[in-house]
Protein chains: 2
Amino acid sequence: VTEDEIIHNVILSAVEGLSLSKDDPDSERRVIIGIGDDAAVWQPSRSHRSVISTDMLVEGVHFRRDTMSLEDAGWRAMAAALSDLAAMGARPVLATVALGVPAANAGAEIMELYKGIAAAARRFEIAIAGGDLSRCDLVTISVTVVGEVRSSNVKTRAGARPGDVLAVSGALGAARAGLQLANQPGLIGGANSDAALEAFRRPTPRIAEGRFLGASANVTAMMDCSDGLSTDARRLCEASGCGAVLEAVPVADSARGAAERLGEDPERFALAGGEDFELLVTVRGRAFRYLAGRYEKRFRKKLLRVGVLRKAPGVEWRGAPLDRSGWDHFA
Amino acid sequence: VTEDEIIHNVILSAVEGLSLSKDDPDSERRVIIGIGDDAAVWQPSRSHRSVISTDMLVEGVHFRRDTMSLEDAGWRAMAAALSDLAAMGARPVLATVALGVPAANAGAEIMELYKGIAAAARRFEIAIAGGDLSRCDLVTISVTVVGEVRSSNVKTRAGARPGDVLAVSGALGAARAGLQLANQPGLIGGANSDAALEAFRRPTPRIAEGRFLGASANVTAMMDCSDGLSTDARRLCEASGCGAVLEAVPVADSARGAAERLGEDPERFALAGGEDFELLVTVRGRAFRYLAGRYEKRFRKKLLRVGVLRKAPGVEWRGAPLDRSGWDHFA
């Protein structure tokens, strides 16, 4: 038995039960062949579209070992990929995972990564259908997710029109606040710190919210707010061929609390800090109040209005063009 | 315009025309939303199964820059993933690509990688539907491919029975011979060297062969021979709960020629050297001659008989158990 095979078995046991969820009577038909053959086989149901997305996390770029465990990094990689499904209004079906891990302690590190990956997979009901492993001096995690969505519920970034309301699925800035706290552990303390660190280490893709919003004919465009409201609002506007005026930037309580400790502007966390994985949507003006009411009843939180779409390009905030300040991995 | 966006545009132009192939009247319906949104959307046709597989290449593990260009590495990553579709009898539909590239010369290196990726995508008619990019000290390439196959044509590794003929889709060893020559460039010379180097740098996934063999009810199991005949024959036998006796190891002409120059055993190249991406199949004994005849007529090369399946476990070669000698990336 080679070490490769031991690792393969470790993965098989880590993801056992994930390939075929027993709660879902359809899953056996959907994932026909799972891990162990050359490729996984599944059949999407007939009236649905399949959706695919890939996300990559690299040690030293997207996470550092001194501020995030490998288990959290595994969760985070899965969450980032799942968030793209949420943004299309899709239901998660299956994922493949390619891991690069240093040779020195490969077995234990792969196990730790998969603990986080499998926890996210269980929580958001996605099967792990296969993957690949390689030695690599830095930990790299590439996750590809496949989902399904009713054809009529697919939401792109391009459907927004002037007059539509711009809204987010929840308050922003907690993940960025958590990152700053993780970098300055001396400032950690209290419930707000815990909540911000959790948002940074175990972000929640808004799968249920995305499916709910995707199912509404009054939602005209949707994307995940993964690079910060300022960057992502501009992207949505450009794809839709219009602009927007921001009226309010909703800051998460934990981000506000952490900003105070850190001596930072909480609004900056919300505008520039991405990776909260909240959804950014546009809603027909006349329908917003009704949809927001249904949303609040369903999710016990508000669909937060942040502005309104306009004809003129660009995103305006407090009377001035909003500058871009998202993540730039090559900067 | 940030450097991230320049790179994004470079990729968009590199893969332009790949998302929607004009030759295929169905492709517009199949890939509904391509690069640029949160996720790609497609719809497999109704009577078909979807198939997914992921492969990862890492600089210093799967390729070295002194023996392989980044363009070749891009081709190779795509070829390795496509080979898994071939092994399922599937037709390629779409791919996602996650690239890690050093910051120093990122734009040019991404472009070079994508030249190879796009060349393979064009050759094997697969759309590039999305992906991700990150700074990474080593070049890493993760390719996920999705294909379709008629439900009745799916071939796993587990269907072989005692008495079936074991065969390969072509002669073996050229890619390993090419690797050795690339490591000892002083020994390169003549047509055999060129052919071996080509097999190493631009391997061909056997998509057409896989679809042909998958469509035969007399093919009982199929896999790609990517880790060497000795390792992969054992895997197929274990998955099928039987064993095999090897009768012949077909060595590619170029591998034989290169082995002579290198002073190596050409059979070892064929047994231990993987990554030729030939397919390993089992065929019902009585049907082999007929199928091999049709195969030769169609592909102008032989379906090569290498042995026969038996009840007793293990793989035998020249009266002794064959040892394993595949690749072990953590060894």
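The values are calculated or read from the model by the stated rules, or taken from the named source; none is laboratory data. This is a predicted model, so every value here is computed, not measured. Don't worry about glycine lacking a Cβ; one is built from the backbone with ideal geometry, like all the others, and counts go over all protein chains shown.
Checked against the criterion of being under 23 Å from residue A:254 (Cα atoms), at pLDDT 95 or above and over 21 Å from the mean Cα position of the chain (by Cα), the stretch A:303-314 contains one or more residues that satisfy it.
Just one of (1) within 14 Å of chain B (Cβ to nearest Cβ); (2) closer than 27 Å to residue A:126 by Cβ; (3) of a type in the set (Gly, Ala, Ser) trips up residue A:216, so point out which. Here residue A:216 meets the rest and fails (1). One residue alone among B:256, B:284 is touching a helix residue (DSSP H, G or I) at 6+ places or on another chain (Cβ under 6 Å), charged (D, E, K, R), in contact (Cβ under 8 Å) with a residue 60 or more places away in the chain and surrounded by fewer than 24 Cβ atoms within 10 Å (Cβ to Cβ), and that residue is B:256. Inspect the stretch B:11-33 for any residue being more than 28 Å from residue A:85 (Cα to Cα), more than 8 Å from chain A (Cβ to nearest Cβ), surrounded by fewer than 23 Cβ atoms within 10 Å (Cβ to Cβ) and at pLDDT below 90 and give the result as yes or no. The answer is yes, given that some residue of the stretch B:11-33 is more than 28 Å from residue A:85 (Cα to Cα), more than 8 Å from chain A (Cβ to nearest Cβ), surrounded by fewer than 23 Cβ atoms within 10 Å (Cβ to Cβ) and at pLDDT below 90. Of the residues contained in the stretch A:108-121, one or more are found to be touching a Pro at 6+ places or on another chain (Cβ under 8 Å), in a helix (DSSP H, G or I), within 14 Å of chain B (Cβ to nearest Cβ) and touching a residue at least 24 places away in the same chain (Cβ under 8 Å). With B:227, B:232, B:194, B:132 as the choices, which residue is touching a Cys at 6+ places or on another chain (Cβ under 8 Å) and either at pLDDT below 95 or not in a strand (DSSP E or B) (or both)? The match here is B:232.
If you check A:130, A:147 for being within 8 Å of chain B (Cβ to nearest Cβ) and over 16 Å from the mean Cα position of the chain (by Cα), only one passes: A:130. Number of residues in the stretch A:268-291 that are within 23 Å of the chain's Cα centre (by Cα) and farther than 16 Å from residue A:321 by Cβ equals 15. Screening residue B:144 on (1) of a type in the set (Ser, Thr, Tyr); (2) in a strand (DSSP E or B); (3) surrounded by fewer than 24 Cβ atoms within 10 Å (Cβ to Cβ) shows it passes everything except condition (3). Residue B:83 falls short on exactly one of the conditions (1) of a type in the set (S, T, N, Q); (2) out of contact with any Phe, Trp or Tyr (no Cβ under 6 Å at 6 or more places or on another chain); (3) surrounded by 22 or more Cβ atoms within 10 Å (Cβ to Cβ), and that condition is (2). Within the span defined as the stretch A:89-101, one or more residues are in a loop (DSSP other than H, G, I, E, B) and surrounded by 24 or more Cβ atoms within 10 Å (Cβ to Cβ).
Under the condition of being within 14 Å of chain B (Cβ to nearest Cβ) and in a loop (DSSP other than H, G, I, E, B), which residue from the stretch A:150-168 is modelled with the highest pLDDT? Among residues in the stretch A:150-168 that are within 14 Å of chain B (Cβ to nearest Cβ) and in a loop (DSSP other than H, G, I, E, B), the one modelled with the highest pLDDT is A:160. Restricting attention to the stretch A:113-148, the residues that are among the hydrophobic types (A, V, I, L, M, F, W, C) and touching a His at 6+ places or on another chain (Cβ under 9 Å) add up to 2. The set of residues from the stretch A:56-82 being within 8 Å of chain B (Cβ to nearest Cβ), within 16 Å of residue A:202 (Cβ to Cβ) and not in a loop (DSSP other than H, G, I, E, B) comprises just one member, A:57. Looking at this structure, is residue A:48 within 10 Å of another protein chain (Cβ to nearest Cβ), surrounded by fewer than 22 Cβ atoms within 10 Å (Cβ to Cβ) and modelled with pLDDT under 85? Spelling it out, residue A:48 is indeed within 10 Å of another protein chain (Cβ to nearest Cβ), surrounded by fewer than 22 Cβ atoms within 10 Å (Cβ to Cβ) and modelled with pLDDT under 85. Of all the criteria given as (1) away from chain A (no Cβ under 14 Å); (2) of a type outside the set (A, V, I, L, M, F, W, C); (3) under 24 Å from residue B:47 (Cβ atoms), the one not satisfied by residue B:176 is (3).
One residue is enough: does the stretch A:201-217 have a residue meeting the conditions aliphatic (A, V, I, L, M), part of a strand (DSSP E or B) and in contact (Cβ under 8 Å) with a residue 60 or more places away in the chain? Within the stretch A:201-217, not a single residue is aliphatic (A, V, I, L, M), part of a strand (DSSP E or B) and in contact (Cβ under 8 Å) with a residue 60 or more places away in the chain. The residue that is nearest to the chain's Cα centre (by Cα), among those in the stretch A:54-73 that are of a type outside the set (S, T, N, Q) and closer than 16 Å to residue B:98 by Cα, is A:55.
Yes/no matrix, rows are residues, columns are (1) free of Cβ contacts under 8 Å to residues at least 12 places away in the same chain; (2) in contact with a Gly (Cβ under 8 Å, 6 or more places away or on another chain); (3) of a type in the set (D, E, K, R):
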position	(1), (2), (3)
B:159	no, no, no
B:170	no, no, no
B:176	no, yes, yes
B:179	no, yes, no
